[in-house]
Structure formats: structure tokens, C-alpha cells
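Read-outs: derived from the displayed coordinates by stated rules, not from any lab. Just so you know, these numbers come straight off a predicted model, no measurement behind them. Ideal geometry is used to build each Cβ from the backbone, glycine not excepted, and the neighbour counts take in all protein chains shown.
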Amino acid sequence: MTVRAAQRRRSRRSRRRAAGFTLVELMVVLVILGLASAAVVLAIPDRGGSLQAEAERFAARAKAARDSAIVESRPVALLIDGGGYAVARRTGGEWVPAPRHEWVDGTEAEASGLTGGRIRFDSTGLAEPLNLILRRGGRQVAVQVGHDGEVHVRR
């Protein structure tokens with residue numbers, strides 16, 4: 001075999017190799033795509049936000065209601081039911097509710113310690129104790145309001 005024939009043979013082999021992918025290369029690409037898609041699926045948030053975020057929103061509004069009662073030196077109440085909640089202020093001898101906040105679809109709320117469907121913060125920030133349990137999709141988060149008006153979220 002001549003040198004020229006050997007070079008042609010090598011060049012044909014290298015062209016064939018360059019024309020496609022090996023099975024190992026394809027498998028590596030598929031594994032990378034699988035990992036990337038799993039990361040995307042895990043990063044997708046719950047519809048309406050997480051239950052923890054909903055409990056934190058409620059807790060923040062409860063703390064704001066307590067602070068408002070202290071600053072304005074008048075009672076403020078949280079009106080809570082299975083569909084949502086609202087903040088109400090005592091004005092002219094009546095409770096005047098602010099716009100209502102609905103629970104995210106699928107969220108169930110169970111409250112203990114409510115008197116007439118509400119808890120009240122007095123002008124010093126003291127409150128009627130509340131234990132609110134939010135449930136959705138097999139998860140649950142508790143929001144607790146103590147006698148001193150402190151609000152805590154517990155998993």
C-alpha cells in the first residue's frame with residue numbers, strides 16, 4: 001500500500017467520524033437536558049404562592065393592624081372567616097372594615113380563639129389570642145397571635 005492510499009483511507013475515516021455523534025455524546029446531552037428540566041420543574045412556584053407566603057402575608061397584616069391600633073390609639077380588629085379576612089377600625093361606635101383579602105384557592109382556614117369571627121387589638125396593642133391554621137395540598141402552617149399582640153408563623 002502506498003503512502004498516498006494510506007492517507008486517503010485515514011481521511012475517509014476521519015470524515016465518517018466527523019459526520020455524526022457517538023452514543024456516549026448523545027447520552028451525555030440527554031442527561032444534561034433531564035437535569036435542566038428537573039431544575040425548572042422544581043423552581044416553578046405554587047399557584048397563588050406558597051402556603052408559607054400566604055401565612056406570612058396574613059401575619060404582616062396582623063402586625064400592621066396591631067401597630068395601627070397603638071399609633072391611632074383606637075381598637076383595630078381582624079375579621080377572619082373561611083374565605084379570607086379584613087382589617088376593621090372602630091370609628092364612630094361602629095366597626096368599619098377595610099377591603100377584604102381572600103385566601104388563595106384551595107386554602108382552608110381554621111381559627112381557634114375567635115370571638116364573633118374576629119380578634120381585637122386594643123389601643124395598647126394587647127390582643128385576644130388566636131391560633132389560625134392554614135391548610136392547602138396536605139401542608140399546613142399556623143399563625144399565632146398572643147395576648148401581648150405578638151404574631152408568629154409556625155410550620
Restricting region 76-113 to residues that are touching a Gly at 6+ places or on another chain (Cβ under 9 Å) and assigned to a loop (DSSP other than H, G, I, E, B), which is surrounded by the fewest Cβ atoms within 10 Å (Cβ to Cβ)? 105
Look at region 114-149 and say how many of its residues are assigned to a strand (DSSP E or B), among the β-branched types (Val, Ile, Thr) and over 16 Å from residue 56 (Cα atoms). 2
Within region 49-75, the residues that are hydroxyl-bearing (Ser, Thr, Tyr) and part of a helix (DSSP H, G or I) are 68
